[in-house]
Structures are given as C-alpha cells and as structure tokens.
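Data block below; observations after.
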Amino acid sequence: MEWIQAIILGLVQGLTEFLPVSSSGHLRLVGQFLPDSEDPGAAFTAITQLGTETAVLIFFWRDIVRILKNWFGSLVGKVDKKDPDARMGWFIIVGSLPIGILGLLLEDYIDSTFRSLWIVATMLIVFAIFLGIADRIGKEQRELNDLTVKHGIIFGFAQALALIPGVSRSGGTITAGLLMGYTREAAARYSFLLAIPAVFASGLYKLVDSFSEGFNGYYGLGSTVVATIVAFVVGYLMIGWFLKYVSSKSYGLFVWYRIALGAVIYVLLGLGVLVA
C-alpha cells in the first residue's frame, strides 16, 4: 500500500508543482485521504520536488547552460556584465537568497505549524485573490530582459512565501511578476528558473537529513524514490503545457480552482472529515 500511495503522491506533485495552485498544499491534503491518513511531511515533499526540478533542468537545459556560461564569462571579463544572460545569473542568485535564509530560520514552523490545513485553505483563497487581481490589472509590458535588481529581490521574497503550503511557489512569483508588469509567460518562465537553486538546496538538505535519520517516516527510501521519478515524468509534461496555456489564456481557471478548493477544505474541516 505504501508504494501505491507514493505513486499517487508523486503524480500529484508532478501535476501541481508548476501550476499556481500549491503542490505542497495538495500533497498535504491528499495525504489525509489515503488509507493511513498520513501527512507525507515536509521532507517527503522537498525530496519529491527534486524530481520536478530535474524536469526543469532538462526542459530549460539550453537556457541554463547559456546563463551559466555567460555568467561565469562575465566574472572573468570574457562576457559583458550587461549581457542579459549574465545578468539573469545574478538575478537568480539574488532572488534565491530570501527563501534560503527564511527556510533555515523557519524550518521548525515549516515542518509543523505551517502544515495545518486551516492555514493551507486560507492561503489558497487569499493568494487566489491576489493572483486574480494581478492577472486583471497587470500591464504585461515587460519581458525577462527588463529584469532589475529590485525586481529580482521582489521576485525572491514572493517565492519565499511558498514556504507556507497553500501559497504556491509559482503562484507567488507569477503574482509578483504580473503586478510588476511582466507578461504571463515571462513571469512563469522566470518562476521556473528561480526555483532551481532553492528547490535543489531544500531537497538535498532534506534528503541528507532523512538518510541520517534512517528514513524513519511512513515513506521509506524506495517509495520516496518512486514518487520522485513519477513526479519527474509528469512534471516534464506539465511544463510545456503550462507555458503554452498561459501564453494565450489568463490565470482565471487557477484562481477559481484555488478558491473552490480552499472552501471545500474549510467545510470538511468543520465537519470533522479532515484533521487540521
């Protein structure tokens, strides 16, 4: 049963990681409906995200190699420091600092308090409203070449909000991007690139920590690996679909989905069907 549950959770992770609906919130919720009603936990969530971020590495491989090459080149004077890819390298570094620092400072809360379903439901609805407003009033005039240090820092703090399940990493960064005037596709693409350092650092940290504790949680090493592989395959397929979708359509579908899901969680918690 553990393996089947792991596959289900890997599927959920792959389907929701890149959508602005909160993959960690969905894993927390789905865990309640599995036979043993187990919260997969922050460690399991972080490790399976390694699968979806590996999908990002492969999907954006050419972009990533170009960014790294030009960034390193700018350090030794072989590439102009104003080169868009060299600047993108710095923006990703700067934007990754907030979530890295806050993730370490708030680790105990992330592993416990923040995982309350009351918080998940509230964040789903609150940030659905923010996303809806941003999608409606965003001017969509800026592309990634228009990024500035100030915007990079704002993107970084928006991503850090995803430490709270229910917010959504992509949802937070996309909302910030739209409010700053970036196009839907540019905001989505940058959210993918910005997540790479943070997710790999968090996932590897939790992986090492889990090894040191002998994988004492409900999901052992084998089932966690299976979930991660499933998340990778499904996540890779979702990236292309999502970028194509937002290039021509609004985020309205995700806004209403978040609100509906948050409301359902409230009702189920009130009825005692779910345990917060």
So for the range 232-276, using the alpha carbon gyration tensor with a ≥ b ≥ c as root eigenvalues (a/c under 1.5 gives rounded; past that, a/b versus b/c decides prolate or oblate), I'd call it oblate
Any idea what Rg and Dmax come out to for the range 2-271 if you just take the C-alpha atoms, in Å?
18.1, 64
How much net charge surrounds ASP108 when only the other residues with a Cβ under 14 Å from the Cβ of ASP108 are counted, with Lys and Arg +1 and Asp and Glu -1?
-1
Could you work out [θ]222 nm for the chain from helices alone, using -39500 (n - 2.57) per DSSP H run of at least four and dividing by all its residues? Round to the nearest 500 deg cm²/dmol.
-25000 deg cm²/dmol
Tell me which residues come under 5 Å, amide H to amide H, from VAL79 once H is placed; ignore anything under 5 positions away on its chain.
SER74
Filter the chain for me: DSSP H helices, axial length by Cα at least 24 angstrom, mean Kyte-Doolittle hydropathy not below 0.0. List them by residue number.
41-59, 84-105, 117-137, 184-212, 221-246, 252-271
Distance histogram in 5 Å bins (all Cα pairs of the range 159-276, percent per bin)
2, 9, 13, 18, 18, 16, 14, 8, 2, 0
Taking the alpha-carbon centre of each part, the distance from the range 38-84 to the range 99-127 in Å is 24 Å
By the gyration tensor of its Cα atoms, with a ≥ b ≥ c the square roots of the eigenvalues, what is the shape of the range 82-170: rounded for a/c under 1.5, prolate for a/b over b/c, or oblate?
oblate
In a solvent-free Debye calculation with one equal scatterer on each Cα, what is log10 I(q)/I(0) for the range 9-95 at q = 0.18, 0.22, 0.25 Å⁻¹, listed in the order of the q values?
-0.80, -0.97, -1.11
Residue-span extension gain [ALA260 to VAL225] - 0.36 nm each, minus C-alpha spacing
9.4 nm
With contacts defined as alpha carbon pairs under 8 Å and 6 or more residues apart, what's the relative contact order of the chain in percent?
35 percent
What spacing in nm lies between the two simple spin-label points modelled at THR148 and LEU243, each 7 Å away from Cα in the Cβ direction?
2.7 nm
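Bear in mind that the values in this text are calculations on the coordinates, not laboratory data. This one's a predicted model, so the numbers in the text were calculated from it and none came from an experiment. Neighbour counts are summed over all protein chains in view; Cβ atoms, including those assigned to glycine, are modelled from backbone coordinates with ideal geometry.
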